[in-house]
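K.L.:
Just passing along the structure, written as structure tokens.
The values are calculated or read from the model by the stated rules, or taken from the named source; none is laboratory data. On a predicted model such as this, the values are computed, not experimentally measured, just so you know. With ideal geometry, Cβ positions are generated from the backbone for all residues, glycine too; neighbour counts draw on all protein chains shown.
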Amino acid sequence: MSDYVDLSKEKNWMCANCNVPLVSGKVDISYLGNSFQVNLLKCPICNLVLVPEDLALGKMAEVEKSLEDK
Amino acid sequence: MTFTVYEHPIWLESEPASMHPEGFKITERALKHCNIDPSSTILDVGCGAGSTLNILQNENNLQGIGIDPSANLLSYAHQMNANIWLTQAFAEHLPLANESIDAVISECTLSLFNAKKAIQECQRILKPNGYFIVSDLYARDPENIDKLKELPGGTSFPRVMDQEKIIRLIMINGFKISIWQDCSDALRQFSLDKLTESSSIDPFDLIIRAAKAKLGYYFLIARKK
Ligand SMILES: [Zn+2]
């Protein structure tokens with residue numbers, strides 16, 4: 001599975017609601033019905049997901065742009 | 001232990017239909033256009049774990065035979081159903097006599113093969129007027145087909161063709177095309193998990209490149225001249 005957790009950059013993230021450290025875990029992603037899982041940091045209690053900035057501005061943005069062009 | 005992409009055990013965990021977009025519905029839809037009866041011999045070329053052959057036998061009362069290069073998948077297929085003739089072979093070199101088969105099914109496999117050689121072999125073993133039933137991925141934007149070539153080998157993507165090329169290859173090798181039908185909607189609900197798990201393709205890259213090449217899905221029926 002593709003892993004988008006870079007612990008060297010992201011080890012100190014806490015969930016502000018639950019006050020616990022985020023942990024690496026499987027996250028379901030879906031675009032127009034095509035679903036897949038990747039590893040991202042998320043809160044073990046409320047499941048809030050941290051999307052790293054370079055993923056959000058990079059591949060995720062590119063996916064959205066390419067699906068718009070379709 | 002190393003596996004090729006489609007031999008990866010993850011494909012065998014759940015219902016085998018998940019290997020193909022929309023499961024068997026497209027092949028079944030295609031079969032309705034063919035005049036095939038229980039006395040016909042049907043070859044599933046690249047039968048994998050035998051799921052299509054089982055459906056043919058159990059739900060359509062049709063006896064198929066299967067070839068696949070993977071001993072792992074064939075042994076799984078044999079465990080599931082010992083009443084089907086299976087043999088290990090490549091589509092480019094079929095161990096079958098000339099004009100011995102009534103219909104060939106190639107489900108999501110043509111772009112894994114050397115397509116030209118596989119088509120020539122299917123033409124050789126089919127009886128005159130025999131059916132060649134193909135469903136597979138294709139690029140609806142030929143100008144961006146190169147985007148798929150950069151995806152990892154071992155999957156269909158790098159060798160996906162466009163409609164014109166597929167039809168030309170089949171026609172110049174002794175067939176006439178009866179039906180071409182776009183089924184791209186079938187890709188909409190396809191879970192990418194198993195594919196990305198077994199092949200190390202990055203799912204974001206796959207979606208981006210598939211969208212650029214306008215990756216689609218088709219079925220066609222050709223008849224041997
Ligand atoms: Zn939380």
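To keep it simple, each residue is scored yes or no on (1) in contact with a Leu (Cβ under 8 Å, 6 or more places away or on another chain); (2) of a type in the set (S, T, N, Q); (3) at pLDDT 90 or above; (4) more than 11 Å from the ligand (Cβ to nearest atom).
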position: A:ASP6; (1), (2), (3), (4): no, no, no, yes
position: A:ASN19; (1), (2), (3), (4): no, yes, yes, no
position: A:ILE29; (1), (2), (3), (4): no, no, no, yes
position: A:CYS43; (1), (2), (3), (4): yes, no, yes, no
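K.L.:
Quick one: is B:ILE179 in a helix (DSSP H, G or I) and among the β-branched types (Val, Ile, Thr)?
P.N.:
Answer is no for this residue.
Each row is one residue, and each column tells you yes or no for (1) in contact with a helix residue (DSSP H, G or I) (Cβ under 9 Å, 6 or more places away or on another chain); (2) surrounded by fewer than 23 Cβ atoms within 10 Å (Cβ to Cβ).
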{"residue": "B:CYS47", "(1), (2)": "yes, no"}
{"residue": "B:ASN54", "(1), (2)": "yes, yes"}
{"residue": "B:SER75", "(1), (2)": "no, yes"}
{"residue": "B:SER106", "(1), (2)": "yes, no"}
{"residue": "B:PHE113", "(1), (2)": "yes, yes"}
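K.L.:
Oh, and also: Applying the selection to segment B:172-192, what residues are of a type in the set (D, E, K, R) and either over 17 Å from B:CYS108 (Cα atoms) or more than 10 Å from chain A (Cβ to nearest Cβ) (or both)?
P.N.:
Passing the criteria: B:LYS176, B:ASP182.
K.L.:
So, one more: List, please: which pairs have Cβ atoms under 8 Å, are six or more places apart or on different chains, and start with a residue in segment A:36-62 that is closer than 16 Å to A:SER2 by Cβ and outside any strand (DSSP E or B) and end with one that is acidic (Asp, Glu) and within 16 Å of the ligand (Cβ to nearest atom)?
P.N.:
Between residues of segment A:36-62 that are closer than 16 Å to A:SER2 by Cβ and outside any strand (DSSP E or B) and residues that are acidic (Asp, Glu) and within 16 Å of the ligand (Cβ to nearest atom), the close pairs are A:PRO52/A:GLU10.
K.L.:
Look through B:SER75, B:SER135 and report the one residue that is at pLDDT below 95 and under 24 Å from B:ALA213 (Cα atoms).
P.N.:
Answer to the check: B:SER135.
K.L.:
A follow-up question, please. Among the listed residues B:LEU215, B:LEU195, B:LEU220, which satisfies the condition of being within 14 Å of another protein chain (Cβ to nearest Cβ), under 19 Å from B:PHE113 (Cβ atoms), of a type in the set (A, V, I, L, M, F, W, C) and touching a strand residue (DSSP E or B) at 6+ places or on another chain (Cβ under 7 Å)?
P.N.:
Answer to the check: B:LEU215.
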